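Asks: Before I ask anything, here is the structure I am working with.
The values are calculated or read from the model by the stated rules, or taken from the named source; none is laboratory data. Keep in mind that this is a model prediction, so the values were computed, not measured. Quick reminder, even Gly has a Cβ in these numbers, built from the backbone with ideal geometry, and neighbours come from all protein chains shown.
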Amino acid sequence: MNARTFLVSLAWLAVLPAAHAAAPVQEIQATLAKPAVMCGRFDQTKQLTGIKKPLQAQGRFCVLKGRGILWQTLQPFPSTLRITREAIVQIQDGRVAMKLDAQQEPVVKMINSVLFSLLAGDLSQLDTLFELDGSLREGHWQVALKARQPALAKAIGDISLAGASYVEKVDMKEASGDRTEIRFSAIKTGEGAMTADEGALFD
């Protein structure tokens, strides 16, 4: 998964799903955990238009509140992405393979802003950037996001999310017809959630 695809996917690591009433944002926000450190496993399936066999990937992610996100693809090919407010950096074989500067990429800046707001448990700016439809029942929520701005809509497409204390799944449909599903599991929080090597990648 390249950095642009990751940007679209990961922006929903802490978001929200589908119904026909305004999403109860405040109630959903109250259900989301806000740990300082959170790590876990992701499983991604991408169905490309015109290709029968879906592309599959799996790996590990870490979220360090106020610092950024680490997205490590382990299969089928090792690759690491580090997202901060300033940039998205792709690391390959221990070296920087690509960098997207948020100051030079308006969409990157916009999505990064949303991403960090969500990870902080602050959903207030969603109403300005997205139309939200969702529901909350017995601690489980679902939300559909539809971007208000054409540039963001073109980059993201249609997104639905679901979870409880954490985001558990993300489904995306791009304008091209490609579909991506991401499932999060084995989530751990606290100091022991992240390894020393992972912490070093934030330094």
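Asks: Go through (1) at pLDDT below 80; (2) in a helix (DSSP H, G or I) one by one and return the number of the condition E27 breaks.
Replies: So the condition that E27 fails would be (1).
Asks: Among residues belonging to the stretch 170-203 that are acidic (D, E) and out of contact with any Leu (no Cβ under 9 Å at 6 or more places or on another chain), point out the one that is surrounded by the fewest Cβ atoms within 10 Å (Cβ to Cβ). Let's see the steps before the verdict.
Replies: At the first step, the residues of the stretch 170-203 found to be acidic (D, E) are 171, 174, 178, 181, 191, 197-198, 203.
If we keep only those that are out of contact with any Leu (no Cβ under 9 Å at 6 or more places or on another chain) as well, we get 174, 181, 191, 197, 203.
Values: E174: 19, E181: 16, E191: 8, D197: 7, D203: 5.
For the stretch 170-203, the residue satisfying everything is D203.
Rundown of residues vs (1) under 18 Å from the mean Cα position of the chain (by Cα); (2) over 25 Å from G177 (Cβ atoms); (3) surrounded by 15 or more Cβ atoms within 10 Å (Cβ to Cβ), yes/no style:
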residue	(1), (2), (3)
L48	no, no, yes
Q56	yes, no, no
C62	yes, yes, yes
I69	yes, yes, yes
T73	yes, no, yes
P78	no, yes, no
I83	yes, yes, yes
A87	yes, yes, yes
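Asks: Which one is modelled with the highest pLDDT among residues in the stretch 170-203 that are assigned to a loop (DSSP other than H, G, I, E, B) and hydrophobic (A, V, I, L, M, F, W, C)?
Replies: M194
Asks: Something else: Just to be sure before I move on: is Q103 closer than 22 Å to R179 by Cα, among the polar types (S, T, N, Q) and surrounded by fewer than 13 Cβ atoms within 10 Å (Cβ to Cβ) in the structure I sent?
Replies: So Q103 does not fit the description; no.
Asks: Could you list all residues from the stretch 41-68 that are within 18 Å of A196 (Cβ to Cβ) and part of a strand (DSSP E or B)?
Replies: Residues satisfying the conditions are R60, F61, C62, V63, L64, G68.
Asks: Does the stretch 86-101 contain any residue that is outside any strand (DSSP E or B), out of contact with any strand residue (DSSP E or B) (no Cβ under 7 Å at 6 or more places or on another chain) and at positive phi?
Replies: Yes, because at least one residue in the stretch 86-101 is outside any strand (DSSP E or B), out of contact with any strand residue (DSSP E or B) (no Cβ under 7 Å at 6 or more places or on another chain) and at positive phi.
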